[in-house]
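These notes are about the structure you will find just below.
Just so you know, all these numbers are worked out from the coordinates, no wet-lab data involved. Here the structure is a predicted model, which means the values were calculated and not measured. Every residue, glycine among them, receives a Cβ derived from its backbone with ideal geometry; neighbour counts consider all protein chains shown.
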Amino acid sequence: MKAAGHCVALLGAALMAPQEAGAADVLATYSIQGDAIAEPLEGSRGNAVAGAALMADRQRSLCVLCHSGPFPNPHLQGTLAPDLTGIGARLSEGQIRLRIVDMKHLNPQSIMPAYYRLDAGERVAGAWRGKPVLQAGEIEDLVAYLVTLKD
Ligand code: HEC
């Protein structure tokens with residue numbers, strides 16, 4: 001449980017970091033079909049190279065605090081969440097998108113932050129209220145990258 005405590009502390013610190021100026025105040029609308037969001041959040045698909053970099057950025061995306069996978073620095077990756085190796089073969093693009101946008105829609109108890117919601121949860125510090133954790137374009141970059149992880 002030592003590792004889990006460390007992860008949660010890091011996560012708390014990251015969520016309390018001040019958001020850079022100019023962050024969008026309004027979310028793009030999206031529609032959920034089943035367990036997926038089929039269409040890109042702002043109409044266009046993202047950039048897989050940018051998504052790979054964001055995935056590896058512990059402070060910005062937080063993903064590898066909980067998830068392991070084929071990412072840099074395996075020894076720093078978390079074990080609180082499923083390994084994302086081969087995720088692009090297990091889930092569709094739209095399924096991956098909904099899981100990043102709002103995992104709590106699928107599992108209200110999930111510890112995974114809802115990355116594209118204005119009320120990501122009670123753990124969100126004041127500076128983050130009213131803003132999504134990641135911008136729509138950043139989520140699309142992550143989706144574009146994760147769909148390439150086929151094996
Ligand atoms: C605080 C821990 C945490 C963080 C941070 C986190 N996740 Fe998760 N994630 C989880 C957990 C736990 C699950 C398992 C589903 C659940 O919660 O019910 C999950 C599930 C997923 C799934 C579905 C996996 C599967 O095999 O079905 C994807 C895709 C995913 N996360 C992507 C991401 C991405 C991309 C990021 C960063 C933008 C991220 N996660 C950040 C905890 C986290």
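Averaged over residues, the count of other Cβ atoms within 10 Å places the peptides 141-147, 57-63 in the sequence 141-147, 57-63, highest first.
In the neighborhood of residue 90, defined by Cβ-to-Cβ distances under 13 Å, what is the net charge if each Lys or Arg adds +1 and each Asp or Glu adds -1? Display every interim value, and only then the final one.
On the way: positive: 99, 150; negative: 35, 83, 93, 151.
Computed value for this residue: -2.
Would you tally the net charge around residue 140, using a Cβ to Cβ cut-off of less than 13 Å, leaving residue 140 out, and scoring K and R as +1, D and E as -1? Its environment carries a net charge of -3.
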